[in-house]
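Contents: one structure, followed by commentary.
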Amino acid sequence: MNDVKGGQPCQPAKIEDAGVHEYGMELALEQARKAHSMGEVPVGAVIIKDGVVIGQGHNLKETLKDPTAHAEILAIREAARHQAGWRILDATMYVTLEPCPMCAGAIVMARIPRLVIGTMDPRTGACGSLWNIVCDKRLNHRVELITGIKEDECRKLLEEFFEQLRQGDT
């Protein structure tokens with residue numbers, strides 16, 4: 001569950017948090033399914049603080065014609081509005097696919113303390129696959145990283161989307 005390739009590993013998951021993480025990832029999967037239904041790459045993100053969703057989003061790059069409209073960025077923007085500030089402290093972000101460099105940087109800049117990832121991304125992942133921005137000791141903030149929550153479900157949703165895309169069904 002916490003085997004992070006590339007870069008240094010972050011803090012391990014806490015066993016007692018497993019049920020909470022499953023619930024948070026299910027909410028992120030709901031966001032990913034929304035993206036899928038819109039023909040967007042099915043990635044979803046949710047930020048939870050004190051048991052309350054303060055930010056959520058799904059990919060909208062194609063819909064908005066905006067290269068920054070990733071699920072994580074949209075969830076961070078909503079959470080910052082909810083918090084009335086840019087620091088998103090004492091919260092957990094759940095995301096179905098390992099964040100890219102842009103999103104990993106935004107997670108660090110927003111000071112989000114914990115990131116739960118469904119499935120890793122060997123092509124563009126920046127939280128352990130290609131880079132490990134969220135755990136880089138050279139930065140002034142590091143993130144507790146938990147991986148592999150609902151991994152099969154997250155991966156299968158992406159595989160299904162790209163298979164449909166190849167067949168021209170999306």
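The values are calculated or read from the model by the stated rules, or taken from the named source; none is laboratory data. Everything quoted here is computed from the prediction, not taken from an experiment. Because the Cβ atoms are built from the backbone with ideal geometry, glycine has one as well, and the counts that use them run over all protein chains shown. For accessibility, only protein heavy atoms count, side chains too; no ligands or nucleic acids. Shrake-Rupley method; radii C 1.70, N 1.55, O 1.52, S 1.80 Å.
For segment 24-153, the share of accessible area belonging to carbon and sulfur comes to 52 percent (1.4 Å probe, ligands and nucleic acids excluded). Dividing the helix sum by the residues of the chain, where each DSSP H run of 4 or more adds -39500 (n - 2.57), gives a mean residue ellipticity at 222 nm of -11500 deg cm²/dmol.
Accessible surface computed residue by residue for segment 29-98, with neighbouring protein chains in place and a 1.4 Å probe, gives 45 Å² per residue.
Ordering 18, 139, 57 by the projection of their Cα atoms onto the charge dipole of segment 7-151, which places +1 on the Cβ of Lys and Arg and -1 on the Cβ of Asp and Glu, puts 139 at the extreme positive end.
Summary value for the chain: 24 percent relative contact order, contacts being C-alpha pairs under 8 angstrom separated by 6+ residues.
Let me know the charge dipole size of the chain about its Cα centre in debye, to the nearest 20, where only the beta-carbon of Lys, Arg (+1) and Asp, Glu (-1) is charged. The calculated dipole for the chain is roughly 700 debye. The count of lysine pairs in the chain that are at least 8 places apart or cross chains, and whose C-alpha atoms lie under 20 Å apart, stands at 9.
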